[in-house]
Amino acid sequence: MNIPVFLASDDNYAPFVATTIASMCDNTKSFINFYILDGGISKSNKKKIENLRCKFTNFSLEFIQIDVEKEFPDFEETDRISKSMYSRFLIPSLKPDLDKVIYSDIDVVALGDVSDMFNEDLNGYAVGAVWEEYLENSVNINRKKILNISDEHKYFCSGHLLMDCNRWRNESIISKLLELASKGLELAGCPDQDILNIYFDNNYKVLNPEYGVMDIFYEFHNIELPVIRHFHGKVKPWHIHPEFEVESFMPNHKDFWYYLKATDFYSEILDKVLDKDEQSKLLRQFKVIKINSRSRIKKKW
């Protein structure tokens with residue numbers, strides 16, 4: 001059984017597409033068909049990604065060009081929000097022969113077999129996603145009010161989706177999502193994620209949190225080893241030198257660098273890491289952010 005996995009990237013994030021692919025291949029027994037939603041990856045970086053075939057034999061790779069200006073002509077862009085983030089909405093139409101697929105962000109490493117996620121029964125739902133339960137009684141209370149979502153809805157992260165593509169096509173879900181996105185709705189800061197939560201209000205399969213583990217998940221869910229580790233914050237593992245000990249604040253930091261080292265991008269990214277003084281400053285800020293966020297969330301538990 002082949003597992004179809006969709007990833008999305010521009011040229012700047014090409015190293016992390018490669019890292020994600022390396023980690024999934026290393027931990028998954030099945031053959032994986034990777035489809036890259038290509039937001040402008042250079043030929044040289046595509047070649048570096050393809051060179052992973054020298055290390056892993058259990059995957060295929062296809063780049064799918066997305067013309068975001070054509071697909072999303074009226075969507076607003078800012079410094080933080082690009083039209084390319086909506087590309088995941090198009091997945092069921094890009095490969096009409098696929099019944100079910102995984103979509104994953106690329107600021108992740110897989111530490112378990114992604115076939116576990118793929119084999120989840122969607123129980124008739126069009127999509128499965130990881131509930132942000134740790135924010136349910138704090139940040140997401142306000143999010144749901146802004147988005148006019150029901151109180152019963154469990155606001156989910158759009159970074160890891162299991163999609164029933166047949167249902168998406170049969171129910172014209174893509175056009176309905178694009179219509180929502182073009183209306184200029186008041187959103188809560190994560191446009192693609194907010195729109196998905198509006199549309200799938202209290203109507204999706206809640207997946208195991210191990211399929212999209214963020215920092216605080218370890219404490220909230222008592223998780224030992226995730227299937228997919230999602231580095232969702234502003235500070236990413238590639239910002240922090242692999243020799244720094246930050247596991248207490250960024251679990252699996254060393255796992256990220258381990259899989260980056262399996263790619264042709266390792267030296268390039270290592271050279272970009274800040275000098276020691278800047279690193280120390282960044283780490284102090286990072287620790288303060290983590291302490292404050294943990295304190296704020298725990299008060300709501």
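Every number here is computed from the coordinates shown, using simple stated rules; none is lab data. Everything numeric in this text was worked out from a predicted model, so none of it was measured. Every residue, glycine as well, gets a Cβ built from its backbone with ideal geometry; the counts of neighbours run over all protein chains shown.
Computed 3J(HN,Hα) for the range 6-11, one whole-Hz value per residue from the Karplus formula 6.51 cos²θ - 1.76 cosθ + 1.60 where θ = phi - 60°, is 9, 10, 9, 7, 9, 5, glycine and proline marked x. Note on the range 50-202: semi-axes of the ellipsoid equivalent to its C-alpha gyration tensor, largest first and rounded to whole Å, are 26, 20, 17.
Size descriptor for the chain, Kirkwood hydrodynamic radius: 20.0 Å (Cα pairs only, one decimal).
Computed from label points 7 Å out along Cα-Cβ, the spacing between N51 and V273 is 2.0 nm. Compared with the direct C-alpha span, the chain from M1 to S44 gains 12.4 nm at full extension, assuming 0.36 nm per residue. Ordering I49, P96, M85 by the projection of their Cα atoms onto the charge dipole of the range 3-101, which places +1 on the Cβ of Lys and Arg and -1 on the Cβ of Asp and Glu, puts I49 at the extreme positive end. Spacing of the modelled spin labels on D97 and D26, each 7 Å from Cα toward Cβ, amounts to 3.2 nm. 3J(HN,Hα) couplings calculated from phi for the range 167-183 with the Karplus curve 6.51 cos²θ - 1.76 cosθ + 1.60 (θ = phi - 60°) are, in sequence order, 5, 4, 6, 5, 9, 6, 5, 4, 5, 5, 5, 5, 5, 4, 5, 7, 7 Hz; Gly and Pro show x. Relative contact order of the chain, taken over Cα pairs closer than 8 Å and 6 or more residues apart, is 21 percent. Per-residue extension of 0.36 nm, minus the Cα-Cα distance of D11 and K236, leaves a gain of 79.3 nm for this segment.
Note on K183 and L225: their simple-model spin labels are 4.5 nm apart, each label 7 Å out from Cα toward Cβ.
In loop segments of the range 8-96 as defined by DSSP, the trypsin sites (Lys or Arg not before Pro) with at most 12 further C-beta atoms inside 10 Å of their C-beta are K29, K55, R80. Peptide packing for 30-37, 17-24 was compared via the average number of neighbouring C-beta atoms within 10 Å per residue; ordered from the highest value, the list is 17-24, 30-37. Between E69 and S172, the FRET efficiency from the beta-carbon distance, with R0 = 25 Å, is close to 0.65.
Length gained on full extension, E247 to N142, computed as 0.36 nm times the residue gap minus the Cα-Cα distance: 34.7 nm. The order of the peptides 194-205, 241-252, 99-110 by mean Cβ neighbours within 10 Å, most packed first, is 99-110, 194-205, 241-252.
Can you list residues whose amide H is under 5 Å from V101's amide H, if they're 5+ apart or on another chain and H is modeled 1.01 Å from N? Correct list: M163, C165. Residues in the range 132-143 carry Karplus couplings, in order, of 7, 4, 5, 10, 4, 9, 9, 4, 6, 4, 5, 4 Hz; the curve used is 6.51 cos²θ - 1.76 cosθ + 1.60 with θ = phi - 60°, and Gly or Pro positions show x. Return the tail of the calculated pair distribution for the range 126-248, meaning the percent of Cα-Cα pairs more than 18 Å apart. Of all Cα-Cα distances in the range 126-248, 58 percent exceed 18 Å.
With the convex hull drawn over the C-alpha atoms of the range 1-66, the volume per residue is 67 Å³. If you take the alpha carbon atoms of the range 78-130 and fit the smallest convex hull around them, that volume is 120 Å³ per residue.
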